[in-house]
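The values are calculated or read from the model by the stated rules, or taken from the named source; none is laboratory data. This structure is a prediction, so every number in the text was calculated from the model and none was measured. Backbone-built Cβ (ideal geometry, glycine too); neighbour counts: all protein chains shown.
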Amino acid sequence: MSRVYNFSAGPAALPEEVLQQAQAELLDWHGSGMSVMEMSHRGKEFMSIAAEAEADLRELMGIPESYKVLFLQGGASSQFAAIPMNLLRGKGRADYINTGSWSKKAIGEAKRYCEVNVAAEASMKTPAQSELNLNGDVAYLHYTPNETIQGVEFPYIPETGDVPLVADMSSTILSRPIGVSRFGMIYAGAQKNIGPAGLTLVIVRDDLLGNVLENTPTMFNYATMAENDSMYNTPPTFGWYLAGLVFKLLKKKGCLAAMAEIKERKAKKVYDSIDRSEFYANPVNPADRSWMNVPFTLANADLDADFLAEAKSAGLVTLKGHRSVGGMRASIYNAMPEAGVDALVAFMADFARRRG
């Protein structure tokens, strides 16, 4: 069996090295005689896995000691509710920037708990700092640095003064160095750049913990999860383990600075292939194009099905665009090798030459 190049937006491709190590350790983790999936989450074996994963993530991202790192369940979407529950801290309002589908969903959920000021709305681009209508008397500002469906990415980190900045980094985390101390909270679903679906990372500043809305479920209380090292209940142990393997691989490959260099080069190859062709088009303002998710359309939409079928035959899969926008989308997270991008670019050129 040969592996395909999987351009899925999530669950996305995992590094082959990680899958191979997990396969080798599946029945017997380090002489324990059992799989990680069978271990007690409170046993010394899994506790060592969890501690190493957190330490490696802290090193990769430069996470200060004044932040808690939580390994949770429920996906990033569950954080849309957990964020106002935990971070309003007696305030009744929060700022949100709307740049696409995931921002919109976060806003809709937050409105259940507080008054939402939409600080900016943009389509196929991001608002400039000067365009943000920020309300100084709010609990936090929430934004989505990268919209996976629209392929729009912020080229900057918003300035918020003393207001905590909250970021849904599900599709950008671990792709480049960031200054964690500029954020009050970062959260991310794992299934794009971290590991398998089912695990969610929350990185939250200590001073934002401990003042939740009344009737907040215990499982949504960040302080409770932090006090119990993310093990108030049974955590997603196998996902946590695989994430730890990914963290170690990233360290081996040169950490996040190296990832950023590779990521920029891969994205440029795809965008250049689109821009130099009259057969393909990308709808996003060039300054706001995502490094991670590249949507594109064909000059003749009647050829979409043929493009997808021929791409699949060539070993290039899950290139169909999100149902809400159509067209195509190539997601090029860390685990997508540069050879996969090269194969896509070559296929696109050949298809355009034959069918354009």
- line: Among Leu209, Leu201, the single one that is over 29 Å from Lys266 (Cα atoms) and touching a residue at least 60 places away in the same chain (Cβ under 8 Å) is Leu209
- line: The residue that is farthest from Lys111 (Cα to Cα), considering only those in region 123-140 that are surrounded by fewer than 17 Cβ atoms within 10 Å (Cβ to Cβ) and hydroxyl-bearing (Ser, Thr, Tyr), is Ser130
- prompt: Restricting the search to region 272-305, which residues are under 30 Å from Leu60 (Cβ atoms) and surrounded by fewer than 18 Cβ atoms within 10 Å (Cβ to Cβ)?
  reply: Asp272, Pro286, Ala287
message: For a quick check of your reading of the model, give me the residue pairs whose first member lies in region 298-324 and is closer than 18 Å to Ser277 by Cα, whose second is surrounded by fewer than 16 Cβ atoms within 10 Å (Cβ to Cβ), with beta-carbon atoms closer than 6 Å and at least 6 apart or on different chains.
response: Leu303/Arg355
message: Here is a list: Leu132, Leu141. Which entry is more than 16 Å from Ile83 (Cα to Cα) and either of a type in the set (A, V, I, L, M, F, W, C) or not assigned by TED's automatic domain parsing to the domain that holds Leu87 (or both)?
response: Leu132
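Restricting attention to region 267-305, report how many residues are assigned to a helix (DSSP H, G or I) and out of contact with any Pro (no Cβ under 7 Å at 6 or more places or on another chain). Let's see the steps before the verdict.
Narrowing region 267-305 to residues assigned to a helix (DSSP H, G or I): 267-275, 286-288, 301-305.
Now drop any that are not out of contact with any Pro (no Cβ under 7 Å at 6 or more places or on another chain), which leaves 267-275, 286, 301-305.
Total satisfying the criteria: 15.
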field: Residues (surrounded by fewer than 23 Cβ atoms within 10 Å (Cβ to Cβ) and either at pLDDT below 95 or part of a loop (DSSP other than H, G, I, E, B) (or both)) located in region 318-339
entry: Thr318, Gly321, His322, Arg323, Ser324, Val325, Gly326, Gly327, Ala335, Pro337
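Does Pro11 satisfy the criteria of being in contact (Cβ under 8 Å) with a residue 24 or more places away in the chain and either touching a helix residue (DSSP H, G or I) at 6+ places or on another chain (Cβ under 7 Å) or farther than 23 Å from Val202 by Cβ (or both)?
Here the answer is no, as Pro11 does not meet what is asked.
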statement: Selection from region 173-200 of residues among the hydroxyl-bearing types (Ser, Thr, Tyr) and part of a loop (DSSP other than H, G, I, E, B) yields Ser175
query: Do the conditions hold for Arg58, that is, is it outside any strand (DSSP E or B) and under 27 Å from the mean Cα position of the chain (by Cα)?
result: yes
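Which one of Met85, Met47, Met61, Met1 is aliphatic (A, V, I, L, M), surrounded by fewer than 20 Cβ atoms within 10 Å (Cβ to Cβ) and modelled with pLDDT of 95 or more? If you could, list the steps in order and put the result at the bottom.
Details: Met85 fails: surrounded by fewer than 20 Cβ atoms within 10 Å (Cβ to Cβ); Met61 fails: surrounded by fewer than 20 Cβ atoms within 10 Å (Cβ to Cβ); Met1 fails: modelled with pLDDT of 95 or more.
Answer to the check: Met47.
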- line: If we keep only residues of region 7-26 that are buried (at least 18 other Cβ atoms within 10 Å of the Cβ) and part of a helix (DSSP H, G or I), then the residue farthest from the chain's Cα centre (by Cα) is Ala22
task: Please identify the pairs in which a residue from region 212-232 that is under 24 Å from Ala53 (Cα atoms) has its Cβ atom under 9 Å from the Cβ atom of a residue that is of a type in the set (Phe, Trp, Tyr) and part of a loop (DSSP other than H, G, I, E, B), counting only partners at least 6 apart or on another chain.
output: Met219/Tyr232; Asn221/Tyr232; Thr224/Tyr232; Met225/Tyr232
Those residues of region 88-98 which are within 22 Å of the chain's Cα centre (by Cα) and at pLDDT below 95, in sequence order: none
